[in-house]
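Novice: Next up is a structure, given as structure tokens.
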Amino acid sequence: YSPERIIVKGLALKIPQQSWCAIVGSSGCGKTTLINLILRLYDPLQGEVLIDGIDLRKLDLVSYRRRISIATQEPMLFDLSLRDNIAYGLTHILLQEIEEAARTAQLDEFVSKLPQGYDTPIGENAVRLSQGLKQRVALARAIIRNPDILILDEATSSLDSSTEAKIFQRLRLLRQGKSTIIVSHRLFAIKDADCIYLLGADSRIEKGTCAQLSEESSSFRELFRNQ
């Protein structure tokens, strides 16, 4: 990012507290930039990003980020056991908590077939796991922190629709009263969101439920036409 090349300009949106909110749009529209601003990896050149009405720049960054977990399309995993990857960075985590997070991420059946269970090493760059399993491990890691804000940035893109449905069903129950933000190109992942923001060219935004946007937005219909 640089002042000479503006990615988003005049972007204004509000993500309701305790909602299941989706961010969609074509490649290059600013979805990743928006997530980076929410995480405060960058500050806006103009304007502000608020949480509970407070500018992020006025908050203690470490304390703020402890309230957030993110799972991404290309997770960073380590040459450790499944247990250590899920609980990475945390102390005093019980195996029961790891197992519950794994169940939500639909990882438990896979682990039950491993001779060493959660103590199974996954190898350098998680070479022993498929891309879908990597995403599920990363998702369990994000879930176990029970964050106020959970961000799923294409976090289930390598999963089949049946597994994805089971994960979202459990997440809905698990995260009642907390905020979840989903960035996805898959209609199935966002169809039940409380609100969907469709980012377009020149920071134009369309907002609604999946049913509303499907009926009213030609851009939304075109984005998911083949799905």
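The values are calculated or read from the model by the stated rules, or taken from the named source; none is laboratory data. All of these numbers come straight from a predicted model, not from anything done at the bench. Note: ideal-geometry Cβ built from the backbone for every residue, glycine included; neighbour counts use all protein chains shown. Surface areas here come from the heavy atoms of the whole protein model, side chains and all, with no ligands, DNA or RNA. Shrake-Rupley method; radii C 1.70, N 1.55, O 1.52, S 1.80 Å.
Novice: Across region 111-123, what is the number of residues that are under 24 Å from L173 (Cα atoms) and crowded, with 18+ Cβ neighbours inside 10 Å? Quick ask: steps written out before the conclusion?
Specialist: First pass over region 111-123, keeping only residues under 24 Å from L173 (Cα atoms): 111-112.
If we keep only those that are crowded, with 18+ Cβ neighbours inside 10 Å as well, we get 111.
Of the residues in region 111-123, 1 are under 24 Å from L173 (Cα atoms) and crowded, with 18+ Cβ neighbours inside 10 Å.
Novice: On the phi < 0 side of the Ramachandran plot, surrounded by fewer than 20 Cβ atoms within 10 Å (Cβ to Cβ) and either in contact with a helix residue (DSSP H, G or I) (Cβ under 6 Å, 6 or more places away or on another chain) or part of a helix (DSSP H, G or I) (or both), is that true of E100?
Specialist: Yes; evaluated as a whole, the condition is true for this residue.
Novice: Restricting attention to region 82-111, and to residues there that are aliphatic (A, V, I, L, M) and free of Cβ contacts under 8 Å to residues at least 24 places away in the same chain, which single residue is farthest from D160 (Cα to Cα)?
Specialist: Among them, the one singled out is L94.
Novice: When region 7-44 is examined, which residues are found to be under 17 Å from E206 (Cβ atoms), open to solvent by less than 70 Å² (accessible area, probe 1.4 Å) and of a type in the set (A, V, I, L, M, F, W, C)?
Specialist: Scanning region 7-44 gives V8, L11, L13, I15, C21, A22, I23, V24, C29, L34.
Novice: Quick check on this structure: which one of A189, A142, A165 is closer than 16 Å to F78 by Cα, open to solvent by less than 40 Å² (accessible area, probe 1.4 Å) and either modelled with pLDDT under 95 or in contact with a strand residue (DSSP E or B) (Cβ under 7 Å, 6 or more places away or on another chain) (or both)?
Specialist: Values: A189 fails: closer than 16 Å to F78 by Cα; A165 fails: closer than 16 Å to F78 by Cα.
None of the others qualify; the one that does is A142.
Novice: Kindly establish whether E109 is acidic (D, E) and within 23 Å of the chain's Cα centre (by Cα). Before the answer, list the steps.
Specialist: Numbers: acidic (D, E): yes; within 23 Å of the chain's Cα centre (by Cα): yes.
So E109 passes the test.
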